[in-house]
Each structure stands twice: as structure tokens, then as C-alpha cells.
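Only one structure is covered here, and it is reproduced in the block below.
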């Protein structure tokens with residue numbers, strides 16, 4: 001127990017001058033005294049100690065509450081991050097499927113277009129060939145001079161065959177040029 005009058009008096013002077021009081025378990029060490037100033041100082045120290053402890057307790061509770069809220073928020077954040085990652089993965093998968101479907105549609109459309117072009121080109125070639133042959137046959141049967149028509153007919157078939165191979169070659173070149181493999 002602290003009972004030295006000088007120590008207590010010095011503590012009282014410090015309390016008055018600098019508003020500093022003894023706290024905690026040191027308050028319990030003061031000896032009971034009959035001096036009114038010392039008793040008042042001890043009571044003031046006890047009051048300040050109790051107020052200080054309450055304030056620290058409130059701060060501790062507040063910090064604990066905030067820590068609990070932060071932990072709950074961290075769990076929610078982690079769940080959201082996982083959910084976002086799953087949504088991102090699903091979106092990437094859907095994008096890849098859409099790109100693949102688009103490529104298949106483009107290839108099918110190109111294939112159909114190539115088929116249509118080849119059919120039309122062949123019908124034109126066949127039509128011109130048949131028409132030219134009919135004109136040549138008519139010229140032969142009607143007794144007209146067929147020397148010019150014969151060479152024209154021969155040239156026409158050469159041009160038609162060249163154009164047919166050119167069309168097919170161009171289409172095949174475009175097909176293989178646009179193929180990724």
C-alpha cells in the first residue's frame with residue numbers, strides 16, 4: 001500500500017496541474033486515510049478509472065463488432081468472387097459455342113453458295129454449248145457455208161471449257177483459302 005504523504009501529495013499536485021490521475025490497480029494500493037484531500041483524490045482516481053475502463057470496454061466492443069462485420073463481409077465477398085468467376089467461365093463457354101456455331105453456319109452458307117454458283121455456271125455452259133451446237137447443226141442441214149460457223153463452234157467450246165475449269169478452280173481456291181486448316 002502506498003501511504004507516503006509526499007507521494008500522495010505529489011500525485012494530487014500532478015492531477016491538479018496536468019489532469020493526470022492514477023488508474024488501474026494502483027488505485028487499490030492507496031491506504032485509507034483521514035485526510036479529506038487524499039480521500040477526495042482517491043475517489044476521483046476511482047471514478048476516472050471506472051470511466052476509463054468503461055470507455056475502453058466500449059471501444060473494445062465496437063472493434064469486436066466491426067471485426068465481426070468485416071469477417072462476414074469477407075465471406076460474402078469471397079462467395080461473390082466465386083460466383084463471378086463461375087459466371088465468367090460460363091460466359092466464355094457460351095461465347096466459344098456461339099463462335100463455333102457461327103463458323104459452322106458460315107461454312108454451310110459458303111458451301112451452299114459454291115454449289116449454287118457451280119450449278120448456274122454449268123447450266124450456262126451447257127446452254128451455250130447446246131445452242132451453239134443447234135445453230136451449227138442447222139447451218140449444216142440448211143446447206144449454208146459452215147466453215148466460219150465450224151471454227152466459231154470449235155472456239156466457243158474451247159472457251160466454255162476454259163471458263164468452266166476457271167470457275168471451278170476459283171471456287172475451290174476460295175474454299176481452301178478460307179479454310180483454317
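The values are calculated or read from the model by the stated rules, or taken from the named source; none is laboratory data. Owing to the predicted nature of the structure, the values given are computational and were not obtained by experimental measurement. Ideal geometry is used to build each Cβ from the backbone, glycine not excepted, and the neighbour counts take in all protein chains shown.
Those residues that are under 27 Å from residue 107 (Cα atoms) and surrounded by 12 or more Cβ atoms within 10 Å (Cβ to Cβ), I need them from the range 144-165; list them, please.
163, 164
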Given the structure, is residue 141 free of Cβ contacts under 8 Å to residues at least 40 places away in the same chain, exposed (fewer than 10 other Cβ atoms within 10 Å of the Cβ) and in a helix (DSSP H, G or I)?
yes
Condition (residue is closer than 30 Å to residue 172 by Cβ and touching a residue at least 60 places away in the same chain (Cβ under 8 Å)) applied to the range 86-108: is it met by at least one residue?
no
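Looking only at the range 99-138, how many residues end up being farther than 26 Å from residue 164 by Cα and surrounded by 11 or more Cβ atoms within 10 Å (Cβ to Cβ)?
Looking only at that region, the number is 1.
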Given (1) within 30 Å of residue 167 (Cα to Cα); (2) over 22 Å from the mean Cα position of the chain (by Cα), identify the lone condition not met by residue 68.
(1)
Before we move on, is residue 82 farther than 22 Å from residue 152 by Cβ, in contact (Cβ under 8 Å) with a residue 12 or more places away in the chain, surrounded by 10 or more Cβ atoms within 10 Å (Cβ to Cβ) and under 51 Å from the mean Cα position of the chain (by Cα)?
no
Only one residue in 163, 155 is on the phi < 0 side of the Ramachandran plot and under 60 Å from the mean Cα position of the chain (by Cα). Which one?
163
Taking the residues in the range 15-55 that are assigned to a loop (DSSP other than H, G, I, E, B) and surrounded by fewer than 11 Cβ atoms within 10 Å (Cβ to Cβ) as candidates, determine which candidate is modelled with the highest pLDDT.
19
